[in-house]
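In what follows, a structure is listed as structure tokens, so that the remarks can point back to it.
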Amino acid sequence: MEFGWSQAQENYRERIRAALRELLPADWHETYTPQSYASDAQIEFSRKFCPQLAERGLLVRHWPKEWGGEGGDDWEQFILAEEMKVAGEPRGPQYMNVNWIGPTLMRFATPEQREKYLPGIARGTTIWCQGFSEPGAGTDLAALRTKAERIGDRYRINGSKIWTSYARKADMCFLLARTGAGRKEITVLLVPMATMGVSVTSNPGLCKDGHLNEVFFTDVDVAIDARLGEEGQGWAIVTHALSFERTGVPRYHVGIEVLGLAIAQLKAEGRADDPIVRARAGMIAAQFEAARALTYLVVDQRVKRAPENTDANVARITALDAVVELMNFLVEFTPDCLAGGDAQLEEYYRINVPAGVTAGTYELQLDLIAQRGLGLPRG
Ligand SMILES: Cc1cc2nc3c(=O)[nH]c(=O)nc-3n(C[C@H](O)[C@H](O)[C@H](O)COP(=O)(O)OP(=O)(O)OC[C@H]3O[C@@H](n4cnc5c(N)ncnc54)[C@H](O)[C@@H]3O)c2cc1C
């Protein structure tokens, strides 16, 4: 494995940084990033920012030329993700569009559906939300109960979704609904959020604003051409879609930055020489570096089209362990900073409270490593 970046990759990264310097407003970090990237303000900002990124050829560079990309490889997609994450994810929800919704449409959509949806994604003008989880169907997604009943050439949808990030401002929902009694008789429907019978309720919580939404579907009628793929193909489509998110969010950059802020605070207080502080901080830094190396390994395997294995799960667990250790460190050594003393540390803590749950829980990752990686029997 080659650990260096090529000159072309360095240049590409610099192009992204230059675009960020040019496009982010001066008050970006003060005004926007303390809010969640799922907040209404940041979603609206993404409607301005993403088209400008697209104009510079940086939004979907890894897509095929036919759909507005440059046919770039997975490293380019990943470098973009790293730089956006460090900048506070100014793409808002549109990271999902370019990472998995677009590519999944390319694979399963009809030519008419591709023409209808892909240009909006490539131009950065459409907001999508992901309607998978339900009360009682999170990790066990196949337990979902939202029903799509076939009536002639239409589907009638009834049920509800929870944790639907961005739903308040989304134009479209990538919805999973049950079309049969069997556990995996599930179908994907592409539902405009403005359809009659769709409503969104937001719930307050510890988690940052914009994630904990419930979406209700009450006798929602959509035409059959809202269906992605075949009826009952939803499970296969979602498995394919989620494989694009194998590496998850690159967490190490921000983690190291936050650790540095905490250390600076402890230095200012004359407490950074405490051997316990030093040992704990060193361990956390090492964990983040391990997460970085493992994540790069997974991207490398992807570029080389290596068969699926559990390295991605190991990378995620390593990153999550580092995040949890850092959160414990902040509580133990800089508690005042978390109680209003430092907006950035507080923000980091709050945003990571659900880190072990979102996009495949910590325990689920362990299960996958145990079963698929180590060949242990199902518990
Ligand atoms: C910030 C945030 C944003 C989200 N955004 C979206 C979104 O946009 N769209 C969407 O559809 N969903 C979204 N989700 C939902 C998320 O994907 C689910 O919360 C997740 O799949 C877990 O489901 P759950 O909350 O029902 O917990 P559960 O599945 O009930 O899990 C609860 C606990 O039980 C453990 N557990 C469950 N099953 C097993 C098992 N077999 N073995 C061992 N332990 C197990 C879990 O690890 C966890 O600790 C979001 C969640 C969060 C926190």
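The values are calculated or read from the model by the stated rules, or taken from the named source; none is laboratory data. Everything numeric in this text was worked out from a predicted model, so none of it was measured. Virtual Cβ from ideal backbone geometry, glycine too; neighbours counted across all protein chains shown.
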(message) Can you report the number of residues in the stretch 358-379 which are within 8 Å of the ligand (Cβ to nearest atom) and at pLDDT 85 or above?
(response) 6
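For the stretch 181-195, enumerate the residues that are of a type in the set (D, E, K, R) and away from the ligand (no atom under 15 Å from the Cβ).
K184, E185
What about S160, is it more than 9 Å from the ligand (Cβ to nearest atom) and either at pLDDT below 95 or outside the structural domain of E89 (by TED's automatic domain parsing) (or both)?
yes
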(request) Out of the residues in the stretch 197-209 that are in contact with a strand residue (DSSP E or B) (Cβ under 8 Å, 6 or more places away or on another chain) and closer than 25 Å to L338 by Cβ, state the one that is surrounded by the fewest Cβ atoms within 10 Å (Cβ to Cβ). (result) N203
(request) Report, by residue number, each residue of the stretch 126-151 that is more than 7 Å from the ligand (Cβ to nearest atom) and under 17 Å from the mean Cα position of the chain (by Cα). (result) T126, I127, W128
(message) Suppose we filter V353, V303, V299 for residues that are within 15 Å of the ligand (Cβ to nearest atom), over 17 Å from G260 (Cα atoms) and of a type outside the set (F, W, Y); which single one remains?
(response) V353
(message) Checking the structure you have, find out if any residue of the stretch 365-374 is surrounded by 14 or more Cβ atoms within 10 Å (Cβ to Cβ), among the polar types (S, T, N, Q) and within 23 Å of I79 (Cβ to Cβ).
(response) no
(request) Could you tell me whether the stretch 44-54 includes any residue that is in the same structural domain as P103 (by TED's automatic domain parsing), free of Cβ contacts under 8 Å to residues at least 60 places away in the same chain and among the hydroxyl-bearing types (S, T, Y)? (result) no
(message) Suppose we filter the stretch 191-243 for residues that are at positive phi and of a type outside the set (G, A, S); how many remain?
(response) 1
(request) Could you tell me which residue of the stretch 97-125 is farthest from G229 (Cα to Cα), considering only residues that are within 16 Å of the ligand (Cβ to nearest atom) and in contact with a strand residue (DSSP E or B) (Cβ under 6 Å, 6 or more places away or on another chain)? (result) N97
(request) Select, from D336, D367, D311, the only residue that is free of Cβ contacts under 8 Å to residues at least 40 places away in the same chain, out of contact with any helix residue (DSSP H, G or I) (no Cβ under 6 Å at 6 or more places or on another chain), over 25 Å from L261 (Cβ atoms) and among the charged types (D, E, K, R). (result) D367
(request) Sort through R168, R154, R178 and tell me the only one that's within 15 Å of the ligand (Cβ to nearest atom), more than 24 Å from Q94 (Cα to Cα) and not hydroxyl-bearing (S, T, Y). (result) R178
(message) Residues that are polar (S, T, N, Q) and modelled with pLDDT of 95 or more: does the stretch 296-311 have at least one?
(response) no
(message) Taking the criterion of being more than 16 Å from the ligand (Cβ to nearest atom), assigned to a loop (DSSP other than H, G, I, E, B) and buried (at least 19 other Cβ atoms within 10 Å of the Cβ), would at least one residue in the stretch 317-340 satisfy it?
(response) yes
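Answer with yes or no whether F216 is among the aromatic types (F, W, Y), more than 14 Å from the ligand (Cβ to nearest atom) and either within 25 Å of Y117 (Cα to Cα) or buried (at least 21 other Cβ atoms within 10 Å of the Cβ) (or both). Break it down stepwise before answering.
Details: among the aromatic types (F, W, Y): yes; more than 14 Å from the ligand (Cβ to nearest atom): yes; either within 25 Å of Y117 (Cα to Cα) or buried (at least 21 other Cβ atoms within 10 Å of the Cβ) (or both): yes.
So F216 passes the test.
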(message) Can you confirm whether L59 is among the hydrophobic types (A, V, I, L, M, F, W, C) and either within 23 Å of R350 (Cβ to Cβ) or in a helix (DSSP H, G or I) (or both)?
(response) no
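Can you tell me which residues in the stretch 341-350 are within 16 Å of the ligand (Cβ to nearest atom) and of a type in the set (D, E, K, R)?
Across the stretch 341-350, the qualifying residues are E347, R350.
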